[in-house]
1. What chymotrypsin sites (Phe, Trp or Tyr not before Pro) in the range 16-86 are in a loop by DSSP, with at most 13 other Cβ atoms within 10 Å of the Cβ?
2. What is the distance in Å between the Cα centroid of the range 390-448 and that of the range 177-221?
3. Using alpha carbons only, how many angstrom separate the centre of the range 297-376 from the centre of the range 80-127?
4. Restricting attention to the range 36-138, which GluC sites (Glu not before Pro) occupy a DSSP loop and are surrounded by at most 14 other Cβ atoms within 10 Å?
5. Taking 0.36 nm per residue of separation and subtracting the Cα-Cα distance, what length does fully extending SER414 through PHE199 add?
Amino acid sequence: MLTPDQGTSWSSDTGRTVEMSEIAGELARVRSAFAQPTLTLLHQRQAPVVITIFRAAFGRNNKPIATARLHTQVEEHLAQIRLAGETEVPNGTGREICHRWMRGQWLVRSLDESGREVYSLTSHAQQALELVKNLARDRATLSEHRIATILGTIRRFNAEANPDRTARVTILNTEIARLQAERDRLVEGAEIVSATEDFMLEGFTELLSLISALPSDFARVEERFATIRAEILAAFRAEDRPAGEVIDDYLARADALMTATHEGRAFEGAFALLRDDALVTQLREDLTALLEHPLSDAILGEADRAELRGTVRLVRDGLDRVLAQRSRVTATLKEYIVSHDDVRDRELEQTLRQVESELMTWMATTGPRATHDVPLLPARTTVDHLRERFHDPADDVLPDRITVADPDAAPAVSLASLMAQGGPRLTSLRERLEQVLGDLLPVATLGELFEGLEPSMRRPVEIFGLLHLAADRGWEAEEALESYSAVRHDGSRRTFALPRMPLPDPDLGHDNQQETPA
């Protein structure tokens, strides 16, 4: 019997000693397990609703969903669940609920390749989904298939791990002999033993269980890389270690992640599988043969069939997400290395040393209780105008010299053509207007006066000349319109519609309306 100082106690009821240290350690391990986000998700009252929404939104492949879209989907799913009579549902908007799930480490938000924000399930949430999915299936019972699977796994494990060379050779010879005997039996035409429905059910159940665990394994590797990236950024910002040391630490941790952890080794194995075209082809052929088995229709539903068919795609998607996260870590290192400015660091160090020197000088000339007000932030510098353009030597280049054209090559221009393209002939228009006002021409409106002019005086610009003279005399136009048929200098015609402007009656003293000097 152990003494009390050995950490044990005597139970008089059972007559056995109980190792208190083992119980305490087991309790600590159980508490740590219950503190994991996987069990905190399953332990809450709203767990069935949350798991249902996760399964409906993300499916089995955990494809990232845009943030705004998931907010809307959560609100729609919760509305349907409330209509079904469920009372234990999360409260709040879709955005608030998703943020709570992020704090619970069940959702993670990141940027996809196009730069938009997306949500995806964490490995903890996927592990919870996998557990619920396994419990929802028909649980397999003890059978010959399960025992054979265990024996075969142990035998294969021992064949690959046994350090004794003779033992390995013996195991391989036994397996070769067994396979050779089975091959010879089939070649000789012996009866093929058909698999029973229980055997197929056990096999499909174990296969689906293995496949359903893949997304959470990939998510763990992805989250490890995301954690490493956050730690690298924090180390760069702290600047308490040289950049080379931070990079060496990342390389060591990345290598350890791929070789020393179960998830990393699974990732490396999956990556090696997809690089081997023969293995991928063999995997597809084996899955197709299993799905085409006569008993598979009675065992597998459409969801299980789709899950088995998408095994290769599931592995590829998981690899792509892990590689994308690893590329983000590499891009972070590259960006820091490229943008890191040693000159700026030296300038900052010199500035801090100057501040320290001035502080020591101030401390040497003041008393122990002296104070000095230092603003938390430097004052803003007011600048009225900042230069937007700076000197460009290209702007000082002289323009090309103007070439003088040959006068003989210039087209001939007459005075009449120049005058035809000029402004209104106010002098001639004023004379015609005076003739009308002197009752020498029988016209009643300004438009009739324009129509009575010769074609050379009926250019469109002459209309403006007449309107200018009428405005100088203070004449007012009516609301009605009249037409002005103008003739351009090339002979083409154009009709304009202007307000009708009647001419004053000569008998009413038009001589009193004198034109104002221009």
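What follows is calculated from the coordinates using simple rules that are stated; it is not laboratory data. Here the structure is a predicted model, which is why all the values come from computation and not from measurement. Positions of Cβ are backbone-derived with ideal geometry, glycine not excepted, and every protein chain shown enters the neighbour counts.
1. Details: sites: PHE34, PHE54, PHE58; in loops: none.
Of the chymotrypsin sites (Phe, Trp or Tyr not before Pro), not one in the loops of the range 16-86 has a Cβ with at most 13 other Cβ atoms within 10 Å.
2. 100
3. What the calculation gives is 25 Å, centre to centre.
4. GLU86, GLU88, GLU113
5. On the way: separation 215, 0.36 × 215 = 77.40 nm, distance 11.08 nm.
Extra length from SER414 to PHE199 when fully extended: 66.3 nm.
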